[in-house]
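Only one structure is covered here, and it is reproduced in the block below.
None of the figures in this text is laboratory data; all of them are computed from the coordinates on show. Treat the numbers as computed from the prediction; the structure is a model and nothing was measured. Ideal geometry is used to build each Cβ from the backbone, glycine not excepted, and the neighbour counts take in all protein chains shown.
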Amino acid sequence: MRIEAVELRVVELPLRFPFETSFGRQTAKRCILVTAYADGLAGWGEVPVFAAPLYNEETVETAWHVLRDFLIPLLQEPLPHPGEFARRAAHVRRHHMAKAGLEAALWDLYCQAQNLSLKQALGGVRDRIEVGVSLGLEPTVPGLLRRIEAFVDQGYRRVKLKIRPGWDVEVVQAVRRAFPELPLQVDANAAYTLEQTPIFEAMDGLGLLMIEQPLGEADLLGHAHLQRRLRTPLCLDESIVYPQDAHQAIALEACRVVNIKPVRLGGLDAARRTHDLCARQGVPVWCGGMLETGIGRLTNLALASLPNFQLPADLSTSDRYFEEDLIDPPVVLGPDGTIEVPTEAGVAPRVDLRRVERITLRRERFSPRG
Ligand code: OSB
Ligand code: MG
């Protein structure tokens, strides 16, 4: 593939409901979409950064800068395969979401040129993905219970609750009382320290599928200490930035489950390597999310079809977050709580360009050759 041009755009979509985590509250989603052009085809990718560097170090502005000045210029020479991009970009430190969005656009071009679905190109084995819904921090417990009930009625089979100091044990106990059989897990987004171990011990008897990222992103040893005190598996999200992080976390017994987000790891190539490494170690993985639009969502569904994605994904339907998604048809939930893995060659045929145009705040086209 010889890449002729790459278009970046900043888009903003209103969220149907505010989404609050231990690091902040979001009412709209502003992110970057990448379109790569080659041989008359357009490949699409999403950079699901936030406006502020609270989940990781990236923002809309840093991603734009790194894409324009460092990543797009790496496409001057023809690219034999999208898997090659990660190696070519390895000397650029971090900025994984920026890398992942461009890499996704390259995979999308490749799939269209080869007439392959992304699932086929990646070696996926599943046709449908078991999914769950991630609920942000809510103002009240009764309100949270009502929201959970509505999602369960829609067909979601697993619920993830955000927790933070002051919104944890009692909330999770109340949810457990109201939904005794519901597969349930919690995510702290790194909001606790090891001194708060008693909080997690108090949740240990609630039959949670896992506790996600209780401690700081750099605190693998702390997670190992905490895991020794708990029967509930710990899962790492923010801590796993490179495939090697998963290797080290598993060796330290800092977790028993790994959340894989291709955008956190720098793309599908790194995500697949992390998946393979966890599979060899007998550690199950599942696919996390970053409030992606349909464009990023379709990429994640294909990835989640790999064999070691054994637990329900944070991959909800288009209407979970958005009134109107950027893809048509949107992502929908089957009656059995699963979502279909896309079978078409690439995302591009499903992108609703008119809608993308309407929500574009800024747009610029770059040639790899400057
Ligand atoms: O920690 O998994 C997380 C959303 C934004 C940032 C971080 C996280 C999340 C979610 C939502 O939990 C997952 C989704 O539905 O896309
Ligand atoms: Mg998380």
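Loop-located trypsin sites (Lys or Arg not before Pro) in the stretch 56-156 (DSSP state not H, G, I, E or B) with no more than 14 neighbouring Cβ atoms inside 10 Å: Arg93. For Glu201, what charge total do you get from the other residues with a beta carbon under 15 Å from its beta carbon, if Lys and Arg give +1 and Asp and Glu give -1? Charge balance near Glu201 sits at -1. Only helices enter this figure: runs of n ≥ 4 DSSP H residues, each worth -39500 (n - 2.57), summed and divided by the residues of the chain, yield -9500 deg cm²/dmol at 222 nm to the nearest 500. Can you tally the net charge around Ala188? Count Lys and Arg as +1, Asp and Glu as -1, for every other residue whose Cβ sits under 9 Å from the Cβ of Ala188. Residues close to Ala188 contribute a combined charge of -1.
Other residues within the sphere of radius under 9 Å centred on the Cβ of Ala51, judged by their own Cβ, net out at 0 (K and R +1, D and E -1). Footprinting exposure proxy ranking of Thr140, Thr62, fewest other C-beta atoms within 10 angstrom first, gives Thr140, Thr62. Beta bridges from DSSP with both residues in the chain: antiparallel share about 65 percent, rounded to the nearest 5.
Seen through its C-alpha gyration tensor, with square-root eigenvalues sorted a ≥ b ≥ c, the stretch 85-149 comes out oblate because a/c lies at 1.5 or above while a/b is not bigger than b/c. Applying a DSSP loop filter and a limit of 14 other Cβ atoms within 10 Å to the GluC sites (Glu not before Pro) in the stretch 181-285 leaves Glu181, Glu253.
Of the DSSP H helices in the chain, those that are both long (alpha-carbon extent of 24 Å or more along the helix axis) and hydrophobic (Kyte-Doolittle mean at least 0.0) are 96-114. In plain terms, the residue of Val10, Val34 with the fewest other Cβ atoms within 10 Å comes first and the most crowded comes last, giving Val10, Val34.
In terms of surrounding Cβ atoms within a 10 Å radius of their Cβ, His223, His247 rank from fewest to most as His247, His223. Shown here for the stretch 290-370: trypsin sites (Lys or Arg not before Pro) in loop regions (DSSP other than H, G, I, E, B) with at most 15 other Cβ atoms within 10 Å, namely Arg369.
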